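Presented below is the structure to which this report refers.
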Amino acid sequence: MTCSLELEEVRSGYGRIEVLHGVSLQVPAGSVVALLGPNGVGKTTTLRAISGALPVTSGAIRLDGRRIDNRRPSAIARRGLRLIPEGRGIFPSLSVGDNLRVAHRSAPRAMVGPWDEWLLDITETFPRLGERLEQSAGSLSGGEQQMLALCRALVGGSELVMFDELSMGLAPLIVHELFDRVAALRDSGRTILLVEQHLTYALRLADLCYVLAKGQVVFAGEPAELRHLPSAASYLMG
């Protein structure tokens with residue numbers, strides 16, 4: 001079963017500073033939606049509001065038709081939604097193996113299965129991690145750290161996965177490999193909301209695109225429409 005997501009006139013921000021000024025968007029079940037725009041327009045704020053890390057001051061967020069705005073992040077995660085944040089989101093002082101064990105323990109046992117079987121699946125998907133189970137996660141390369149973070153998307157059958165700047169600071173070869181994994185998640189039926197400045201990959205994967213500017217949606221449509229829009233460059237580059 002895949003999840004659908006809907007934001008309706010969502011306002012959110014940090015304290016008295018409102019960043020989102022009535023954002024509305026839809027992520028249909030089983031689709032890939034790209035959320036685009038220059039830095040500082042509210043993309044990360046949108047993901048944080050969805051995941052429960054930021055309060056929603058007005059509007060509504062629905063997952064499969066049920067309101068999730070202003071619920072605890074842990075409760076939202078149990079509904080099958082995962083956020084892979086910018087900056088990896090790993091425990092750098094723990095070993096790779098211990099990071100994986102924490103991820104495994106965070107999921108319902110009935111959904112994730114026995115540890116040994118799950119670890120085998122992970123290391124077959126990411127052989128580099130299997131070679132570094134005893135290594136400190138903080139000593140991994142940036143790409144390997146992002147692979148470790150990506151494992152969280154595979155825990156417990158997460159149905160809707162949100163990625164925040166998956167490719168940031170990584171070499172092109174690693175970026176290509178990571179986006180192959182995202183495509184595999186899509187092909188397995190997951191629903192994906194992707195914040196990404198690497199437009200080539202984002203537009204190639206996406207079924208729908210939304211562009212934010214100053215905390216508001218200024219474009220919604222298919223990638224082909226965005227490519228042929230005369231004002232697209234100004235939207236995306238600020």
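The values are calculated or read from the model by the stated rules, or taken from the named source; none is laboratory data. Since the model is a prediction, treat every value here as computed from it, not as a measurement. Reconstructed Cβ throughout: ideal geometry from the backbone, glycine too, with neighbour counts over all protein chains shown.
Annotation: residue 161 fulfils all but one of (1) of a type in the set (Val, Ile, Thr); (2) in a helix (DSSP H, G or I); (3) surrounded by 18 or more Cβ atoms within 10 Å (Cβ to Cβ); the unmet one is (2).
Scanning segment 53-108 for residues that are buried (at least 19 other Cβ atoms within 10 Å of the Cβ), more than 18 Å from the chain's Cα centre (by Cα) and under 19 Å from residue 192 (Cα atoms) yields nothing. Selection of segment 210-232 for residues being more than 16 Å from residue 11 (Cα to Cα), small (Gly, Ala, Ser) and not in a helix (DSSP H, G or I) yields 220, 221, 231. Quick one: in segment 26-52, of everything that is surrounded by 21 or more Cβ atoms within 10 Å (Cβ to Cβ) and part of a loop (DSSP other than H, G, I, E, B), which residue is modelled with the lowest pLDDT? Among them, the one singled out is 37. Within segment 66-114, the only residue that satisfies the criterion of being polar (S, T, N, Q), at pLDDT 90 or above, assigned to a loop (DSSP other than H, G, I, E, B) and within 22 Å of residue 130 (Cα to Cα) is 93.
Could you identify the single residue in 122, 61, 90 that is touching a residue at least 12 places away in the same chain (Cβ under 8 Å), hydrophobic (A, V, I, L, M, F, W, C) and within 25 Å of residue 218 (Cα to Cα)?
61
The residue list 152, 227, 204 contains one member that is at pLDDT below 85, surrounded by fewer than 17 Cβ atoms within 10 Å (Cβ to Cβ) and either of a type in the set (Lys, Arg) or in contact with a Cys (Cβ under 8 Å, 6 or more places away or on another chain) (or both), which is 227.
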